[in-house]
Number of protein chains: 2
Amino acid sequence: MTPTITAFASSPDRGQGLARDMRVRWALEEVGQPCKVRLLSFHAMKQPPHRALQPFGQIPTYEEGDLTLFESGAIVLHIAQHHAGLLPDDDHARARAIMWMFAALNTVEPPILDLQTAKFAESDKPWTAERLPLIKDRIRARLDDLALRLGDADWLDGAFSAGDLMMVQTLQRLKPSGLLHEYPNLAAYVARGEARPAFKRAFAAQLAVFTGSLAPD
Amino acid sequence: MTPTITAFASSPDRGQGLARDMRVRWALEEVGQPCKVRLLSFHAMKQPPHRALQPFGQIPTYEEGDLTLFESGAIVLHIAQHHAGLLPDDDHARARAIMWMFAALNTVEPPILDLQTAKFAESDKPWTAERLPLIKDRIRARLDDLALRLGDADWLDGAFSAGDLMMVQTLQRLKPSGLLHEYPNLAAYVARGEARPAFKRAFAAQLAVFTGSLAPD
């Protein structure tokens, strides 16, 4: 059964691939699973029909028969558990790959989201210029540790996994800040993720929604 | 095999149960699994031996034979997947319970952590008093949605699950702010979690480390 996901009809990042449907699209491409995409306006996202699927009024959702999921982390994990290609077979290695998904979402992403909040939700506040260096230092504290752990390995723990997918997507959000390029091995890690054919297909599909060059079915 | 977890030798919350070992202790109590606890000083947490287990220099870790995990979300999920009691048997209900774990950690917790950052890391800054109402409104936006979805149900999706465990722990962090009590059904939900015998045993065990009334073995 082909799952249906939701995405922004007009992505706030203008197709840079930072909206959270990208993670799900990428995961589906990695495992060779097609999907249908239902596009939602900002207005529609906040209305009762969508909130019945996603209580926080966000994208993406994932519908597959009578299963409906939200939270990109949960959706990617569900895909990874039901199709080969995103989690190792070995039970311990599998637990560690899932651990890296949580590390991306709960340890690395929160300070990065602070930077976004400062730049967008608090861009007009008098304190923001002075707060930015504090926020950036909190991000650097995470990146220092992550860069040390990654070292010169290609991926965080053996072969590419759903943990790398989530971490690469989390780090991509740092590109406009210049912070990522203070860490050459992390920048190369993100570039390796972006070079994967599945990433490129998913990126093109979400960009096509923005440019209008391809209507999702 | 009895797993070993790590926890603060001297918890910054003085035994209020907000350190992230509490989530793991609670999960282990729910499934009836004993554990050993290794206590770490703030200094030891940042040294190479612990960073080899936890690259970000945090607690908890989880060691079971040759498996080492970090990230409380990943550890709780691992426990829930290997013991009965924290995830439904039905495949769809299981996916939804895991979804609520991610919702707790990646949608509800980040704005709550912003409040903690403001109160602790930026308590001496001139802007903090003016920023607090903005942060609180961002938290309320999440709580509004969560309260609406929970309604008058006991738990988020059927029986108590690892999703509720993570959400209750996330919401507990709001108690000092008074925000939780703006939402009577969420306050009652947290109270239901805290009334569970497994929660009480886990809470007592982490408090005993702080008060020195019980040496963990």
- Under the Kirkwood approximation for Rh and a Cα-based Rg, what ratio Rg/Rh is obtained for the stretch A:1-62? 0.97
- Fewest-first ranking of B:Ser41, A:Ser11, using other Cβ atoms within 10 Å as the exposure measure: B:Ser41, A:Ser11
- Query: Given a cut-off of under 8 Å on Cα pairs at least six residues apart, what relative contact order in percent is computed for chain A?
  - Reply: 28 percent
- Item | Cα-based shape type of the stretch B:65-125, given that a ≥ b ≥ c are square roots of the gyration tensor eigenvalues and the cut on a/c is 1.5 | oblate
- Query: What fraction of the Cα pairs in the stretch A:134-217, stated in percent, has a spacing above 23 angstrom?
  - Reply: 30 percent
- Note on the structure: Largest fluctuation, A:Leu186, A:Leu148, A:Leu115 only, Gaussian network model of chain A with Cα springs under 10 angstrom, belongs to A:Leu148
- Task: Take the alpha carbon gyration tensor of the stretch B:175-217, find the square roots of its eigenvalues, order them as a ≥ b ≥ c, and report rounded if a/c is under 1.5; if not, report prolate when a/b exceeds b/c, else oblate.
- Result: oblate
- What net charge do the residues around B:Leu132 carry, taking every other residue with its C-beta under 13 Å from that of B:Leu132, with Lys and Arg at +1 and Asp and Glu at -1? +2
- So, in Å, what gap is there between the alpha-carbon centers of the stretch A:29-57 and the stretch B:116-166? 23 Å
- Semi-axes in Å, largest first, for chain A (Cα gyration tensor, √(5λ)) are 27, 24, 16
- Sequence of B:Phe42, A:Phe8, B:Phe203 once ranked by neighbouring C-beta atoms within 10 Å, starting from the fewest: B:Phe42, B:Phe203, A:Phe8
- Task: Would you tally the net charge around A:Thr117, using a Cβ to Cβ cut-off of less than 9 Å, leaving A:Thr117 out, and scoring K and R as +1, D and E as -1?
- Result: -1
- Can you list the lysines whose alpha carbon sits under 17 Å from that of A:Lys175, skipping same-chain ones fewer than 8 residues off? A:Lys119, A:Lys136
- Expressed as a percent, the portion of alpha-carbon pairs in the stretch A:91-196 spaced more than 21 Å apart is 35 percent
- Message: List, shortest first and in nm to one decimal, how far the label point of B:Ala9 (7 Å from Cα along Cα→Cβ) is from its counterparts in the other copies.
- Response: 6.0
- Message: Taking R0 as 30 Å, what FRET efficiency do you get between A:Asp90 and A:Ala188 from their Cβ-Cβ distance, rounded to the nearest 0.05?
- Response: 0.70
- Item | Cα gyration tensor shape for the stretch A:144-192, rounded if a/c is under 1.5, else prolate or oblate | oblate
- In whole percents, the bins of 10 Å from zero upward hold the Cα-Cα pairs of the protein assembly as shown as 4, 21, 33, 29, 11, 1, 0
- Note on the structure: Exposure-ranked with fewest Cβ neighbours within 10 Å first, A:Glu194, B:Glu63, B:Glu109 stand as A:Glu194, B:Glu63, B:Glu109
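Here, each number is a calculation from the coordinates, and none is a lab measurement. What you see is a predicted model; the values in this text were computed from it and never measured. Here Cβ is always computed from backbone atoms with ideal geometry, including for glycine, and neighbour counts include all displayed protein chains.
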